[in-house]
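Engineer: Got a structure here, written out as structure tokens. Questions coming.
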Amino acid sequence: MDTIAWRDVTDAGEPPPSDDRSTFTLHINGSDRKLTLDHRTTLLDALREHLGLTGAKKGCDHGQCGACTVLVDGRRVNSCLLLAVAQEGAHITTIEGLADGDRLHPLQEAFLERDALQCGYCTPGQICSALGMLDEAADGSPSYVTEPGTAAAGGPVPLDAEEIRERMSGNLCRCGAYPRIVEAIEDVAP
Amino acid sequence: MSHAPQPLGEPVVRREGREKVTGTARYAAEHHPAGLLYGRIVPATVASGRITAIRTADALAVPGVHTVLTHENAPRIEEPDDPVLAVLQNTRVPHRGWPVALVVAESLEAARAGAEAVRVEYDSADHDTVLTWDHPGMYTPEKANGGYPAVRERGDAEAALAEAPVTVDATYTLGGLHNHPMEPHASSARWADGHLSVHDSSQGSTTVRDTLGQALGLGDDEVTVVSEHVGGGFGSKGTPRPQVVLAAMAARLTGQPVQVSVPRRYMPALVGHRAPTVQRVRLGADRDGTLRVVSHEIATHTSRIKEFVEQAAVPARIMYASPHSSTVHRVVPLDVPSPSWMRAPGEASGMYALESAMDELACALGIDPVELRLRNEPATEPDSGRPFSSRGLAGCLNEGARRFGWYERDPRPAARQEGRLLLGTGVASATYPVLLSPSAASAHVAPDGLYTVRVNATDIGTGARTVLAQIAAAALGTPQDNVTIEIGSSDLPFGSVAGGSSGTASWGTAVHKAATALVRRLAEGGTVPPEGVTVTADTEEEASQDSPYSRHAFGAHFAEVAVDSLTGEVRVRRMLGVFAAGRILNARTARSQFIGGMVMGLGMALTEGSTMDPVYGDFTERDLASYHVPACADVTDLQAHWIDEDDHHLNPMGSKGIGEIGIVGTAAAIGNAVRHATGARLRSLPLTPDKLLPYL
Ligand code: FES
Ligand code: FES
């Protein structure tokens with residue numbers, strides 16, 4: 001229960017552009033957001049502190065944990081390692097953009113059903129990462145554990161549990177939900 | 001929607017799961033009121049000494065920096081009970097990483113640049129940060145963590161060891177370990193109209209409220225602390241941490257809301273750690289495996305500002321029957337960060353040593369390690385002599401051995417190979433005490449027959465909301481959908497901390513009591529008035545009663561490992577845990593907790609290592625790139641099962657705690673499997689290739 005709900009204020013009263021700040025547009029979850037931000041602002045901080053999109057989490061701010069994973073032009077990235085200003089024009093998908101109204105994305109459904117989470121802090125990153133990973137495999141990108149010749153050239157790499165575990169190892173979960181994360185992704189994988 | 005009351009134990013889906021998978025669940029650093037400022041901690045860069053000067057002009061000149069708090073200008077606070085919270089009060093530096101300033105700025109970027117620009121001069125003293133068995137500063141404290149006596153003696157352990165036909169004398173060494181919950185510790189604080197409101201990443205916001213009130217001279221009704229969603233804690237958020245005091249101070253000084261997050265690599269110094277231990281275990285037995293004596297001695301460290309003694313010898317007091325026993329803790333204060341709770345403090349490290357020693361004894365005797373444990377089952381608790389309320393160890397060992405296919409193993413070491421891989425299996429026992437803390441709850445019914453239950457429980461990922469709603473619904477005799485549950489705010493009836501695997505038992509007892517009182521009230525007849533009927537209850541009395549029973553959960557871990565004979569890499573192929581923890585109240589969330597504990601135990605065994613740098617005087621592995629928590633690929637076939645226990649000496653739900661036992665004994669089972677695979681008995685963790693290679 002949040003007994004001290006604070007009215008959130010985002011991108012209000014941002015200072016104007018200067019040598020240290022630029023104005024640029026990000027396409028986020030289907031809508032265009034114009035921002036004037038400090039050049040040092042990471043994509044993660046732009047989402048969390050300036051756009052009110054706190055679904056992407058800050059676990060380390062150094063590219064070590066994957067909690068900040070979002071999709072940039074369809075590819076999974078650690079948003080803490082990208083400068084927001086450098087993403088001008090990019091299409092960004094965050095966890096907030098996955099459900100279709102009240103209808104959850106199949107991965108979100110599977111995570112719920114499999115209880116593939118506990119504290120939930122790594123969860124948005126896991127789900128975004130899984131989404132990007134499914135596309136990578138569909139596009140035929142091999143992983144460390146892919147046996148050469150498994151996939152026809154350019155064809156999809158079949159995803160068994162070992163492939164999923166390997167490909168999801170950039171997303172740490174200190175609650176140890178891994179076995180269930182793998183099950184949830186298996187439920188959705190082709 | 002179901003319409004019939006559901007019995008306890010149903011695998012109900014987490015209530016807040018939808019918010020978590022859609023990213024709408026808000027954690028402590030995710031509130032953004034108008035005028036929000038960001039605080040960045042400046043850590044001490046010496047391990048011991050005094051601040052002689054702090055120059056803040058450069059920091060204040062950074063655009064966007066609002067103010068810099070130091071010991072010179074920070075608000076004075078009443079001395080807190082926990083010395084780790086007395087930040088910016090004086091010039092003393094008790095360890096590297098201690099906060100010496102807080103830069104407050106309009107943006108995260110400015111705060112960070114400002115923190116870089118603060119210049120601190122120190123009069124540094126020689127430091128001593130290395131734990132050794134015979135450190136001259138070592139002393140025997142009165143008590144260890146949890147209030148356990150530091151020393152317990154039964155019979156004459158030394159004489160029994162001298163006479164025993166078979167003995168094991170082994171010393172095990174564990175470095176420090178770090179909790180590293182995925183959500184770093186964070187607080188957002190705001191003062192308005194004389195009231196302090198805080199969003200804190202905490203395992204118990206009642207305690208945080210009380211602590212802030214005491215430190216800042218405020219009454220209970222002048223402080224509200226909310227911990228609605230918490231990104232894990234594993235003990236490190238079980239006590240208030242410096243960032244909440246800093247956020248409150250900065251908000252008071254600036255008159256604006258302030259958020260302070262602890263950067264990941266500052267966490268090892270500021271949020272507690274599992275203290276390193278050197279543990280000597282001596283066992284003496286007859287040739288048939290009957291134990292005559294168990295001796296477990298611990299040497300550990302604490303900080304200069306507070307005594308915290310990892311109670312690692314405590315489990316040896318209840319595990320196995322033996323006429324003679326000696327369990328002793330010793331501690332040395334060093335110039336190190338203050339150790340504290342990390343998942344199963346005491347049990348996790350102590351059972352690594354004891355269960356490794358039991359394996360060594362089994363090898364020495366040529367007795368199967370499961371059988372050795374079964375032969376030493378006590379009739380009553382060895383230490384207190386009290387009867388066990390229930391003791392499921394034998395059941396867990398037998399059930400686990402059956403499920404795992406344990407007896408198919410060839411007991412000889414290094415007998416199984418697959419190409420360059422050496423395969424082996426290992427077993428270890430687990431235990432965790434049943435704890436209960438006082439809590440209060442209220443139950444309300446509205447005229448439309450819908451219920452609201454309030455208790456300041458904290459859901460750190462355990463599924464507390466869900467299980468408390470189940471407990472309430474069962475007691476009220478109503479479907480769970482008719483029950484709203486409110487937790488996570490200090491304005492609610494007080495709740496104990498989410499720690500010691502005691503949350504569900506403690507809050508649940510209060511919820512059950514309030515709910516059954518409401519049912520009785522309603523049974524008296526009459527209609528429910530428009531404002532509804534509310535009944536409150538607290539469990540001070542239940543929690544203060546000493547049980548005539550020894551109450552513990554038990555478990556057994558089985559592991560199969562493959563050791564690469566060329567690289568020394570250990571992979572866990574299979575891991576199976578069986579637990580006896582009373583009645584399991586939600587099969588879905590309980591399984592997740594057991595599995596989560598086992599995964600952390602796997603990390604303790606294989607990947608998590610923290611070394612104390614004697615020159616620099618700090619932990620070397622401070623971030624997630626160097627301190628390796630298990631990743632997805634480390635966890636293959638990992639299963640948790642349980643044996644239902646019908647124990648009437650626990651609480652109205654019949655439950656024991658489940659949050660910690662999963663990590664207890666895991667590392668020993670893996671270490672014992674590595675010994676079976678290779679013949680090499682390593683007595684320090686983690687079992688990294690550099691340690692194994694010399695034996696391969
Ligand atoms: S926060 Fe970006 S990888 Fe950890
Ligand atoms: S669910 Fe807590 S870190 Fe993954």
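Engineer: For the stretch B:115-124, how many residues are outside any strand (DSSP E or B) and either more than 14 Å from chain A (Cβ to nearest Cβ) or over 16 Å from residue B:246 (Cα atoms) (or both)?
Structural biologist: Counting residues in the stretch B:115-124 that are outside any strand (DSSP E or B) and either more than 14 Å from chain A (Cβ to nearest Cβ) or over 16 Å from residue B:246 (Cα atoms) (or both) gives 3.
Engineer: So residue A:110 fits all but one of (1) at the interface with chain B (Cβ under 7 Å from one of its Cβ atoms); (2) within 16 Å of ligand 2 (Cβ to nearest atom); what number is the exception?
Structural biologist: Unmet condition: (1).
Engineer: Also, I was wondering about something else. Within the stretch B:224-239, count every residue that is touching a helix residue (DSSP H, G or I) at 6+ places or on another chain (Cβ under 8 Å) and either within 16 Å of ligand 1 (Cβ to nearest atom) or open to solvent by 10 Å² or more (accessible area, probe 1.4 Å) (or both).
Structural biologist: 2
Engineer: Follow-up question, since we're still on this one. Restrict the check to the stretch B:84-104 and report whether at least one residue is open to solvent by 20 Å² or more (accessible area, probe 1.4 Å), over 31 Å from the mean Cα position of the chain (by Cα) and away from chain A (no Cβ under 13 Å).
Structural biologist: There is at least one residue in the stretch B:84-104 that is open to solvent by 20 Å² or more (accessible area, probe 1.4 Å), over 31 Å from the mean Cα position of the chain (by Cα) and away from chain A (no Cβ under 13 Å).
Engineer: Somewhere in the stretch A:54-69, is a residue touching a residue at least 24 places away in the same chain (Cβ under 8 Å) and more than 16 Å from ligand 2 (Cβ to nearest atom)?
Structural biologist: Scanning the stretch A:54-69, I find no residue that is touching a residue at least 24 places away in the same chain (Cβ under 8 Å) and more than 16 Å from ligand 2 (Cβ to nearest atom), so the answer is no.
Engineer: Would you mind stating whether residue A:21 is open to solvent by 30 Å² or more (accessible area, probe 1.4 Å), away from ligand 2 (no atom under 16 Å from the Cβ) and at the interface with chain B (Cβ under 7 Å from one of its Cβ atoms)?
Structural biologist: Taking the combined requirement at face value, the residue does not satisfy it.
Engineer: Give just the number: which of (1) surrounded by fewer than 24 Cβ atoms within 10 Å (Cβ to Cβ); (2) assigned to a helix (DSSP H, G or I) does residue B:674 not satisfy?
Structural biologist: Just one mismatch for residue B:674, condition (1).
Engineer: Does any residue of the stretch B:41-51 turn out to be on the phi < 0 side of the Ramachandran plot, buried (at least 21 other Cβ atoms within 10 Å of the Cβ), within 14 Å of another protein chain (Cβ to nearest Cβ) and part of a loop (DSSP other than H, G, I, E, B)?
Structural biologist: no
Engineer: Listed residues B:521, B:465; which is in contact with a strand residue (DSSP E or B) (Cβ under 8 Å, 6 or more places away or on another chain), open to solvent by 10 Å² or more (accessible area, probe 1.4 Å) and under 27 Å from residue B:231 (Cα atoms)?
Structural biologist: On inspection, the qualifying residue turns out to be B:465.
Engineer: For the subset of the stretch A:65-85 comprising residues that are part of a loop (DSSP other than H, G, I, E, B), out of contact with any strand residue (DSSP E or B) (no Cβ under 6 Å at 6 or more places or on another chain) and crowded, with 21+ Cβ neighbours inside 10 Å, which member is farthest from the other protein chains (Cβ to nearest Cβ)?
Structural biologist: Among those that are part of a loop (DSSP other than H, G, I, E, B), out of contact with any strand residue (DSSP E or B) (no Cβ under 6 Å at 6 or more places or on another chain) and crowded, with 21+ Cβ neighbours inside 10 Å, it is A:66.
Engineer: Would you list the strands (runs of 3 or more DSSP E) that sit entirely within the stretch B:479-589 and hold 3 or more residues that are more than 14 Å from every other protein chain (Cβ to nearest Cβ)?
Structural biologist: Qualifying strands (runs of 3 or more DSSP E): B:533-538, B:550-564, B:570-580.
Engineer: Can you name the residue in the stretch B:590-607 that is crowded, with 24+ Cβ neighbours inside 10 Å and more than 26 Å from residue B:569 (Cα to Cα) and is also farthest from the other protein chains (Cβ to nearest Cβ) among such residues?
Structural biologist: Within the stretch B:590-607, the match that is farthest from the other protein chains (Cβ to nearest Cβ) is B:590.
Engineer: Can I ask one more? Restricting the stretch B:434-444 to residues that are closer than 16 Å to residue B:512 by Cβ and surrounded by fewer than 24 Cβ atoms within 10 Å (Cβ to Cβ), which is farthest from the other protein chains (Cβ to nearest Cβ)?
Structural biologist: B:436
Engineer: May I ask you to list the residues in the stretch A:41-64 that are small (Gly, Ala, Ser) and outside any loop (DSSP other than H, G, I, E, B)?
Structural biologist: Result: A:46, single match.
Engineer: I would also like to ask the following. So residue A:49 passes all but one of these: (1) surrounded by fewer than 23 Cβ atoms within 10 Å (Cβ to Cβ); (2) within 10 Å of another protein chain (Cβ to nearest Cβ). Which condition number does it fail?
Structural biologist: Residue A:49 satisfies all of (1) surrounded by fewer than 23 Cβ atoms within 10 Å (Cβ to Cβ); (2) within 10 Å of another protein chain (Cβ to nearest Cβ) except (1).
Engineer: Run down B:332, B:370, B:336 and say which single residue is in contact with a Ser or Thr (Cβ under 6 Å, 6 or more places away or on another chain) and either outside any loop (DSSP other than H, G, I, E, B) or in contact (Cβ under 8 Å) with a residue 12 or more places away in the chain (or both).
Structural biologist: B:336
Engineer: Grab the helices (runs of 4 or more DSSP H) fully contained in the stretch B:200-299, keeping just those with 2 or more residues being of a type in the set (Ser, Thr, Tyr) and closer than 21 Å to residue B:338 by Cα.
Structural biologist: Once the helices (runs of 4 or more DSSP H) in the stretch B:200-299 are filtered for at least 2 residues that are of a type in the set (Ser, Thr, Tyr) and closer than 21 Å to residue B:338 by Cα, what remains is B:205-216.
Engineer: A further question follows. Look through the stretch B:215-243, keep the residues that are aliphatic (A, V, I, L, M) and more than 14 Å from chain A (Cβ to nearest Cβ), and return whichever of them is nearest to the chain's Cα centre (by Cα).
Structural biologist: The extreme case among them is B:215.
Engineer: Here is a further query. For the stretch A:25-46, check the following and say yes or no: at least one residue is surrounded by fewer than 24 Cβ atoms within 10 Å (Cβ to Cβ), hydroxyl-bearing (Ser, Thr, Tyr) and more than 14 Å from every other protein chain (Cβ to nearest Cβ).
Structural biologist: yes
Engineer: Let me ask something additional. Any idea which residue in the stretch A:138-166 is nearest to ligand 2 (Cβ to nearest atom), counting only those that are open to solvent by 20 Å² or more (accessible area, probe 1.4 Å) and under 20 Å from residue B:629 (Cβ atoms)?
Structural biologist: Among those residues, the one meeting the criterion is A:165.
Engineer: Consider the stretch B:186-206. How many of its residues are away from chain A (no Cβ under 12 Å) and buried (at least 23 other Cβ atoms within 10 Å of the Cβ)?
Structural biologist: Number satisfying all stated conditions: 4.
Engineer: For the stretch B:619-642, enumerate the residues that are open to solvent by 50 Å² or more (accessible area, probe 1.4 Å), more than 10 Å from chain A (Cβ to nearest Cβ) and under 30 Å from residue B:403 (Cα atoms).
Structural biologist: The answer is B:642, and nothing else.
Engineer: Right, another one. Which one is nearest to the chain's Cα centre (by Cα), of the residues in the stretch B:339-383 that are of a type in the set (Gly, Ala, Ser) and open to solvent by 10 Å² or more (accessible area, probe 1.4 Å)?
Structural biologist: B:379
Engineer: Continuing with the same structure: Regarding the stretch B:100-110, can at least one residue be identified that is in a loop (DSSP other than H, G, I, E, B) and within 16 Å of residue B:247 (Cβ to Cβ)?
Structural biologist: yes
Engineer: Let me ask something else. Examine the stretch B:21-31 for a residue that is free of Cβ contacts under 8 Å to residues at least 12 places away in the same chain, away from chain A (no Cβ under 14 Å) and not polar (S, T, N, Q), and state whether such a residue exists.
Structural biologist: no
The values are calculated or read from the model by the stated rules, or taken from the named source; none is laboratory data. Everything quoted here is computed from the prediction, not taken from an experiment. Virtual Cβ from ideal backbone geometry, glycine too; neighbours counted across all protein chains shown. With ligands, DNA and RNA removed, areas are computed over all heavy atoms of the protein, side chains included. Shrake-Rupley method; radii C 1.70, N 1.55, O 1.52, S 1.80 Å.
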